[in-house]
Amino acid sequence: MTESAVQLGFTSRLSELMAHGVPVRKAVRDIGSACMAGQKMQSLCAEIGRGLEEGRTLSSVLASCATVSFPRWYTAFVGAAEQSGCVGETFSFLSETMRTRHKAFSSFVSALVYPAVVMVLCFVASVWAVCMYPAYFANDSLTYENGAAGSFFLSGVFLLCAVFFSVLVLKLVTQPNPCVSLMHVLGFLTGNGTSLRESLECAVPVVEKNERLCDAVLEIRERLLQGEPVEKAFSEQLEYAGFGSAAKIIASHVAFAQSDSESNVFERTAKTLTQKAEKLRASVLSCEQPVLLCCAAVYMVILLKNTLMPYLIGGGTGI
């Protein structure tokens, strides 16, 4: 099992057992002794069990774990849960979060299949053309006006750029939005009794890969300590970090929450942003295949016109 698979399996199983009232120590032993547990899972549970027997907190044990390296945001969550007393709910949330990230990665890999197929087919067609009709490529210079080799080269560059751009866009729309992750974190922690200041501290490791958003979170915390209103602090800093849409949404939700004390501003914002991201993702994925198919068609037309057509008409210089 890979390290990420072990992390997900351990978190999911632990959240299930704790949801049924099983204490942490017993739950860890049960996971390690299960017949389906692999060697790495058994080693992980044994190491965690030893740390708990020594009287250490679960968050400190996970942070120093040698068998599997848990991310900093993960251990920060567990530490906050130990202070607020919602460990079981936290592991359930962590399990769902890790599944969402794994699903996003799987979605990106699946979306890459079509560009990969297009590239392979075009490469095979190119090799076939060069091998079957070498005379049309042997003496041409690499300019579009001077024949088959030039047009073939430029069309190949065009196709490579199209596929590269497609992969870049797919990565952007399939990876988790850091602002959505931030809102989910704040919504969960504040909803389980953690203060907003402490929630922001736990959220820093979650968004640390996005430097501007991480700086914005730290600045929001400082402004809240100075007594600045939540709406103003979040709106200005999210706008600074490049998440203008989220800034407007959270501002409207804060205004709504003032008349509805039951409303969780951050969770509502996360749901709204998730819906917008899903619509964008669906639109991009629906356009991916037609766009790449058109690019491949242009490539094949140029290739065939400079190989098959000159052969059929008894010669030619290409386009």
Check: How many of the residues making up region 66-94 are in a loop (DSSP other than H, G, I, E, B) and not β-branched (Val, Ile, Thr)?
Finding: 6
Margin query: Quick check on my filter: what residues within region 185-213 are at pLDDT below 80 and open to solvent by 60 Å² or more (accessible area, probe 1.4 Å)?
Written below: GLY193, GLU208, LYS209
Next item on the list: Kindly indicate whether any position in region 268-290 is buried (at least 17 other Cβ atoms within 10 Å of the Cβ), modelled with pLDDT of 75 or more and over 15 Å from ASN177 (Cβ atoms).
Entry: yes
Margin query: Can you name every one of the helices (runs of 4 or more DSSP H) wholly within region 1-54 that holds 1 or more residues which are within 13 Å of VAL87 (Cα to Cα)?
Written below: 3-19, 24-33
Next item on the list: Scan region 191-217 and report the pairs whose first residue is free of Cβ contacts under 8 Å to residues at least 12 places away in the same chain and among the β-branched types (Val, Ile, Thr) and whose second residue is surrounded by 15 or more Cβ atoms within 10 Å (Cβ to Cβ) and not in a helix (DSSP H, G or I), with Cβ atoms within less than 8 Å and a gap of 6+ or a chain change.
Entry: none
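Go through region 248-262 and count every residue that is modelled with pLDDT under 80, of a type outside the set (Phe, Trp, Tyr) and either surrounded by 14 or more Cβ atoms within 10 Å (Cβ to Cβ) or assigned to a helix (DSSP H, G or I) (or both). Spell out the reasoning first.
Looking only at region 248-262, we keep the residues that are modelled with pLDDT under 80, and these are 250-262.
Filter once more, so that each one left must be of a type outside the set (Phe, Trp, Tyr): 250-255, 257-262.
Next, only the ones that are either surrounded by 14 or more Cβ atoms within 10 Å (Cβ to Cβ) or assigned to a helix (DSSP H, G or I) (or both) stay: 250-255, 257.
Qualifying residue count for the region: 7.
Matching residues to (1) touching an Asp or Glu at 6+ places or on another chain (Cβ under 7 Å); (2) in contact (Cβ under 8 Å) with a residue 24 or more places away in the chain; (3) surrounded by 19 or more Cβ atoms within 10 Å (Cβ to Cβ); (4) not acidic (Asp, Glu):
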{"position": "ARG13", "(1), (2), (3), (4)": "no, no, yes, yes"}
{"position": "GLY21", "(1), (2), (3), (4)": "no, no, no, yes"}
{"position": "LYS40", "(1), (2), (3), (4)": "no, yes, no, yes"}
{"position": "LEU52", "(1), (2), (3), (4)": "no, yes, no, yes"}
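The values are calculated or read from the model by the stated rules, or taken from the named source; none is laboratory data. Because the structure is predicted, anything quoted here is derived from the model rather than measured. All Cβ positions, glycine included, derive from the backbone under ideal geometry; neighbour counts span all protein chains shown. Areas reflect the complete protein model, heavy atoms only, side chains present, ligands, DNA and RNA absent. Shrake-Rupley method; radii C 1.70, N 1.55, O 1.52, S 1.80 Å.
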